[in-house]
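Below is one structure, written out as structure tokens; comments come after it.
The values are calculated or read from the model by the stated rules, or taken from the named source; none is laboratory data. Worth saying up front: this structure is predicted, and the values here are computed from it rather than measured. Here Cβ is always computed from backbone atoms with ideal geometry, including for glycine, and neighbour counts include all displayed protein chains. The protein model used for the area step is the full one, side chains on, heavy atoms only, and it has no ligands, DNA or RNA in it. Shrake-Rupley method; radii C 1.70, N 1.55, O 1.52, S 1.80 Å.
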Amino acid sequence: QGKLVESGGGLVQPGGSLRLSCAASGITFSLYDMGWYRWAPGKQRELVATVTSGGSTNYADSVKGRFTISRDSAKYSVYLQMNSLKPEDTAVYYCNAVFSTLDYWGKGTLVTVSP
């Protein structure tokens, strides 16, 4: 059974940076497409960024140029470097792993961007 554990969230001022990490276990990490999603109060869950098993990346328009997703197969981990954070980036960020019909989610890490 796959398990994803996020870390790195917290409180940061506008314009600041955070790096989220997601540690995977119980899966053959190299096979999985990995992604970060976020869910803010009163809003729908939003795709933030994805990285395929082959290393191709995709970003939401709202984060392009500010966020960078990366993966480290040796560490079974995926990361989200977030720069130039804005108050509207405030949300719970979730890690996702998908391969064929297998789909795993972490429990999320809260990011709050506030003065």
Within the stretch 87-111, which residues are in a loop (DSSP other than H, G, I, E, B) and either among the β-branched types (Val, Ile, Thr) or touching a Ser or Thr at 6+ places or on another chain (Cβ under 9 Å) (or both)? 90, 101
Flagged pairs (Cβ under 6 angstrom, 6 or more apart or on separate chains; first in the stretch 1-17, closer than 12 Å to residue 106 by Cβ; second at pLDDT 95 or above and among the charged types (D, E, K, R)) are 8/19
Within the stretch 18-55, track down each residue that is closer than 23 Å to residue 89 by Cα and out of contact with any strand residue (DSSP E or B) (no Cβ under 6 Å at 6 or more places or on another chain). 41, 42, 43, 44
Those residues of the stretch 1-57 which are at negative phi, assigned to a loop (DSSP other than H, G, I, E, B) and small (Gly, Ala, Ser), in sequence order: 2, 9, 16, 17, 40, 53, 54, 56
Residues of the stretch 14-36 satisfying the condition of being of a type in the set (S, T, N, Q) and touching a Ser or Thr at 6+ places or on another chain (Cβ under 7 Å): 21, 30
Restricting attention to the stretch 88-107, and to residues there that are of a type in the set (Phe, Trp, Tyr) and open to solvent by 10 Å² or more (accessible area, probe 1.4 Å), which single residue is farthest from the chain's Cα centre (by Cα)? 99
Residue under question is residue 78, and the condition is that it be touching a Cys at 6+ places or on another chain (Cβ under 7 Å) and either open to solvent by less than 50 Å² (accessible area, probe 1.4 Å) or assigned to a loop (DSSP other than H, G, I, E, B) (or both); does it hold? yes
Hey, does the stretch 53-69 have a residue that's in contact with a helix residue (DSSP H, G or I) (Cβ under 7 Å, 6 or more places away or on another chain), under 15 Å from residue 4 (Cα atoms) and open to solvent by 40 Å² or more (accessible area, probe 1.4 Å)? no
Quick one: what pairs do we get from the stretch 28-49, first residue open to solvent by less than 60 Å² (accessible area, probe 1.4 Å), second of a type in the set (Phe, Trp, Tyr) and not in a strand (DSSP E or B), C-beta under 8 Å, 6+ apart or different chains? 29/76
